[in-house]
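Working notes for the structure below.
Taken together, the values in this text are just the output of simple stated rules run on the coordinates, not laboratory data. Model, not experiment: these values are computed from the prediction. Here Cβ is always computed from backbone atoms with ideal geometry, including for glycine, and neighbour counts include all displayed protein chains.
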Amino acid sequence: MALYSEKVMDHFTNPRNVGKIDDADGVGEVGNARCGDIMKIYLKIDNGVITDVKFNTFGCGSAIASSSMATELIKGKPLDEALKLTNKAVAEALDGLPAHKMHCSVLAEEAIRAAIKDYYDKNGIAYDKAQFPEPHED
């Protein structure tokens, strides 16, 4: 059995939404000390809806695939829906990740939350702090 699914390999070799949004409404950057992966997500938001999303990820194939899939899953979605995206949903959309690579999907979830929090902070939008737990360091 292959270590990585076809979807992981597709999103690694043909990642969607790679790049930077210079005038992003929200930016989130997270990293994992254990493996060295760093993920940065850029959001454009209009009337509470994510109209564009880009990412830059320095890391392994699973981190790049997780970033790519996560951006696809939140594009065009209202912020409250994007906040519900879990690392498990990212991994499932990729048809699974090896257990030792699940932290990559966690980074994707945390980067999206960090970018939305940045948007809320920049715009003085009140939010429930419990929705934004501190990213964990492994």
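A few comments on the model shown:
- Summing Cβ point charges (Lys, Arg +1; Asp, Glu -1) relative to the Cα centre of the range 6-123 gives a dipole of roughly 200 debye.
- Estimated translational diffusion coefficient (Stokes-Einstein, Kirkwood radius over Cα pairs, 4 °C, 1.567 mPa s) of the range 1-49: 97 µm² per second.
- Amide H to amide H, with H built 1.01 Å from N, Asp25 comes under 5 Å of Leu43, Lys44, Ile45, counting only residues 5 or more places away or on other chains.
- For Thr51, net neighbour charge (Lys/Arg +1, Asp/Glu -1) across residues whose Cβ lies under 13 Å away: 0
- Proximal aspartates and glutamates to Lys88, defined as alpha-carbon separation beneath 13 angstrom and excluding residues fewer than eight positions away on the same chain: Glu109, Glu110
- Positive-end residue, the range 7-138 charge dipole about Cα centroid, Cβ charges, pick of Cys104, Ile41, Ala65: Ala65
- The convex hull around the C-alpha trace of the chain, projected and averaged over every direction, spans 7.7 square nanometres.
- Per-peptide packing, taken as the mean over residues of other Cβ atoms within 10 Å, places 98-104, 60-66 in the sequence 60-66, 98-104 from highest down.
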